[in-house]
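These notes concern the structure reproduced below.
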Amino acid sequence: MSDGARVGSAEPDSAELTADVDATRQLDLYRRMQFIRRFEERVYLLYLQGEIPGTLHQSQGQEAVAVGVCDVLRRTDWITSTHRPHGHALAKGVDLRSAMAELFGKATGCCGGKGGSMHLGDPSVGMLPAIAIVGGGNTVVTGLGLAFKLMRTDQVAVCFFGEGASNEGAFHEGLNFAAVQHLPIVFACENNLYGASTPFHQVSLVPDVASRAPAYGVRGEIVDGMDVLAVREAAGRAVAEARAGAGPVLLEFKTYRFAGHSRGDVKGYRSREEEAEWTARDPIVRLREHLASAVEEVVLDAMDAQVEAAMDDAIEFARQSPLPRAEDALTDAYATVISRETSS
Amino acid sequence: MTVAAAPAVGERRLTIAEALREAIAEEMRHDEKVFLIGEDIGVPGGFGGAFGVYLGLTEAFGHDRIIDTPISEKALAGAAVGAALMGMRPIADLQYADFLFECMDELVNQAAKMRYMSNGKLSVPMVLRCPVGTANRGAQHGQCPESYFVHVPGLKVVCVSDAYHAKGLLKSAVRDNDPVLFFEHKLLYGSKGREQAGGMDLTAHVPEEEYFFPIGKAVVKREGTSVTVVATHMSFYRSLAAAEELANDGIECEVIDPLTLLPFDDETIFASVRKTGRLVIAHEDTLTGGWGAELAARVAEECLFSLEAPIRRVTSHDVPLPVAPVMEQTVVPSTARIKAAIQRCCEG
Ligand SMILES: Cc1ncc(C[n+]2csc(CCOP(=O)(O)OP(=O)(O)O)c2C)c(N)n1
Ligand SMILES: [Mg+2]
C-alpha cells in the first residue's frame, strides 16, 4: 500500500473507551472527521464532473456522529448503515481506496461495483452493505445482536438510522424485539431535522426520538451530535452497557447535514438562517478550536495536507482501476450461479 | 430425472408434520448454529407452532435455541436475516404464508440481495417456513403466495407435498447457503388433511437413515406417455386422482411434482414434454402471473415443436378466497377441473 493510503487510513487504532481523551486521541478524531469531510467534498465534485455515476447522499456536518460512535467500537463489532453511508463506512474502517473505487463503479471497489454509494460496506471491518431502504437496518440489526447473544461473543452491533426512519414500522419492531431479547445493540439515530425535504416536527408530535425509548423499556439519551467528544462519551457508555448484556440503548444525536439531501437538492425547504446557525457549530471547526491550546496550527495544517494527499491517492487509484467485467453482473445472486439465459 | 421408488410394505411412514419435526431435530443436533425463531413456537403449554410441528422440540433443545418473538414479522424475518449474515442458520416460522407481506422488505430487499450487494462476501443461510393453502380460513389465511417469490433473484422457493421430500428438502434447505422459502400446505400436514383430501393416505415412507433431497430437482411421481401434468401441494394430489380416473379412458398422465420452484428443474419437465407432447400445469396460486405462466413460457421457448396441443393451466381463479365451502371449492382447482383440462389438452 502506498504511503498516502496508509497515512489516510480512517481505521480506529484503539477501540476501547478511555475516560481520558488526550490530545493525541483528539487529534486522531479530528483527522478522521476531516477525512470524511474531504471525501464528501471531493466525491461531490467528481460526481458533477461525471466521473462518479449514480447518486450521492452526503454527510457533511454529521461527521462527529460517525467518528465518535465508531471510535468506541472494535473491529469485530458490526454496524448497519443507510442511504447516507460514506461517513459510517470510513469511520468503521472501510479502506479509503476501495470506498472511492466503489463510488467510481470499479472492480476494485469494496463491493466490486455491485453496491455503489448507497450500499458501501465491507464485512472484513464489520460493516454490512449499507441498507438504502429507510428503516431497513432496524430489523436486520436485531439478527446481528441475536447471533452475538447465541454465540456468546461479546460483540456489539450499532444501527445507524435517520430520524425519518423512526416513523417506519421497522423502528418499532426492531427496538421492541431487541429490548425483550436484551440484545447487544445500540440504535444510533442521527436526527438531522429533515427526512429528505420533510421537517421532523411535521411528521412527529414528539420532537425527540429518544423520548420514545421508555415506551420500550430501554434507556434513551439525547446527545449533541456536533461535538465529537460528547458523541464519543455517550456512545462509549451505551456500547459498554450493551456489551455487558444490559440490552439495547437508543441514542439520539442532534445534528445537521450541511449539504442537500442528495445531489441537486437546492434546499428550498429550510432557511439560510437555520443553516448558518448549524454551520456555526461545525464539529470539525469546533474540535480544531478546542485543540488550538494543545496543538500547534502547523500540526493541524500538516494533518489536513495528509488527508488531502490520501484523497488524491484514492481518486487516482479509482481512476486507474479496471472496470468490472460485464459478465460479473451475473454472479453472486446465489452461492452457485443459477441464472438462466434470457431467450432473446 | 428422479423417479420416486414406491415404499416397500411395512416400512416406516410419517406425516409431513412428523417428517419436518424430525428434519429440524436432526439439523439442530448436527449444527449448534441452527435455531428456531417464530411466534408461539416454544411457549410452555403452548401450541408448538401454528401446526404443532415444533411439539417436543423445546424440551429437547431448550429456549436458547427456540426463540419466541413478539407478533412482529418484520423483526423476526430481520432477525433471521441478520443472524444468518453472522453465520447462524435460523429456521424461521411464519404461521401463515399470508403474513409474508408484513416482511417483504426483509426478504426481498435484504435477504435476497445481501450476497449480491457485498460482491459475494456475505451469505444468508436462512429458511423461512410458510404454511399455505385454502382451508376454510378465507382471504387472509389461505393464500398460496409462492409465485411472488419466484420472481426474486437471490431467493430459493421450495414447495413440499409429501413427508419423504419434505424431510429431505428441509435438511438441504437448512444447509443451503442462500435464503430458502419453504412452502407447506396446511391440509397436507397430517391426519386432518387426509380426510379433507378425500381419504388419501398422506403419509409417506421416511427411512430411519439420514438422507437429503436436493433443492432444484423435480420428481416424476407417476409415469405416463399421453400428457405431462406438473402440480404442487393439493393440486398435485388432485392431479394424481385425475390421472387414475383418466387411465380408464386410456389417457396415461405423467405427473410431476416440481418440489422446487426457484431454481426450477426445467430439464425434467422438458424431457417429459418432449415425450408426451402435451402439458397441463396445476397450482392453487392464482392464474395471472403465477408460476405456471413462467413454466408455460419456458416450455414454449424450448419445446414448442414438441407440443401437439396448447398448454393448459388449472389454477385458483383470480379472486380473493371466500370462506363458504361451496364458493371456496369453486375457486381452487378441483380434481374435476384438472381432469377436464387434461382431457381438453389431449383432444387438441
Ligand atoms: C422505505 C423507504 N421509503 C422512502 C425512501 C426514500 N428516501 C430516501 S432517504 C429519505 C429520507 C430519510 O430521512 P432520514 O431517515 O431522516 O435520513 P436522512 O436522509 O436525513 O439521513 C427518503 C424518504 C427510501 N429510501 N426507503
Ligand atoms: Mg433526517
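The values are calculated or read from the model by the stated rules, or taken from the named source; none is laboratory data. All of these numbers come straight from a predicted model, not from anything done at the bench. Because the Cβ atoms are built from the backbone with ideal geometry, glycine has one as well, and the counts that use them run over all protein chains shown. Areas reflect the complete protein model, heavy atoms only, side chains present, ligands, DNA and RNA absent. Shrake-Rupley method; radii C 1.70, N 1.55, O 1.52, S 1.80 Å.
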Legend entry - Residue satisfying all of: in the range A:175-232; within 16 Å of ligand 1 (Cβ to nearest atom) and within 14 Å of chain B (Cβ to nearest Cβ); nearest to A:Thr139 (Cα to Cα) among these: A:Leu175
Inset, instruction - Report whether or not A:Val134 is away from ligand 2 (no atom under 16 Å from the Cβ) and either in contact (Cβ under 8 Å) with a residue 40 or more places away in the chain or within 19 Å of A:Ala89 (Cα to Cα) (or both). - result: no
Legend entry - Residue list for the range B:33-60, filter: more than 22 Å from B:Leu169 (Cβ to Cβ) and not in a helix (DSSP H, G or I): B:Glu39, B:Asp40, B:Gly42, B:Val43, B:Pro44, B:Gly45, B:Gly46, B:Phe47
Inset, instruction - Determine if the range A:125-145 includes at least one residue that is of a type outside the set (D, E, K, R), surrounded by fewer than 24 Cβ atoms within 10 Å (Cβ to Cβ) and part of a helix (DSSP H, G or I). - result: yes
Inset, instruction - Report whether or not A:Tyr269 is in contact with a Ser or Thr (Cβ under 9 Å, 6 or more places away or on another chain), open to solvent by 30 Å² or more (accessible area, probe 1.4 Å) and hydroxyl-bearing (Ser, Thr, Tyr). - result: yes
Inset, instruction - Could you tell me whether any residue of the range B:146-157 is open to solvent by less than 10 Å² (accessible area, probe 1.4 Å), assigned to a strand (DSSP E or B) and not aliphatic (A, V, I, L, M)? - result: no
Legend entry - Residue check for A:Thr76: assigned to a loop (DSSP other than H, G, I, E, B) and either more than 9 Å from chain B (Cβ to nearest Cβ) or within 16 Å of ligand 1 (Cβ to nearest atom) (or both): yes
Inset, instruction - List the number of the failed condition for B:Pro44; all other conditions in (1) more than 18 Å from B:Val132 (Cβ to Cβ); (2) at pLDDT 95 or above hold. - result: (2)
Legend entry - Residue ID - nearest to A:Gly260 (Cα to Cα), chosen from residues in the range A:198-219 that are surrounded by fewer than 20 Cβ atoms within 10 Å (Cβ to Cβ) and of a type in the set (Gly, Ala, Ser): A:Ser204
Inset, instruction - Quick one: which residue in B:Pro333, B:Pro322 is out of contact with any Pro (no Cβ under 9 Å at 6 or more places or on another chain), assigned to a loop (DSSP other than H, G, I, E, B), over 18 Å from B:Gly292 (Cβ atoms) and modelled with pLDDT of 95 or more? - result: B:Pro322
Inset, instruction - Select from the range A:128-162 the residues that are more than 8 Å from every other protein chain (Cβ to nearest Cβ) and in contact with a His (Cβ under 7 Å, 6 or more places away or on another chain) and list them in ascending order. - result: A:Ala130, A:Ala132, A:Phe160
Inset, instruction - Run B:Ala75 past the list (1) outside any strand (DSSP E or B); (2) of a type in the set (A, V, I, L, M, F, W, C); (3) touching a residue at least 40 places away in the same chain (Cβ under 8 Å); (4) open to solvent by less than 30 Å² (accessible area, probe 1.4 Å) and report the number of the one that doesn't hold. - result: (3)
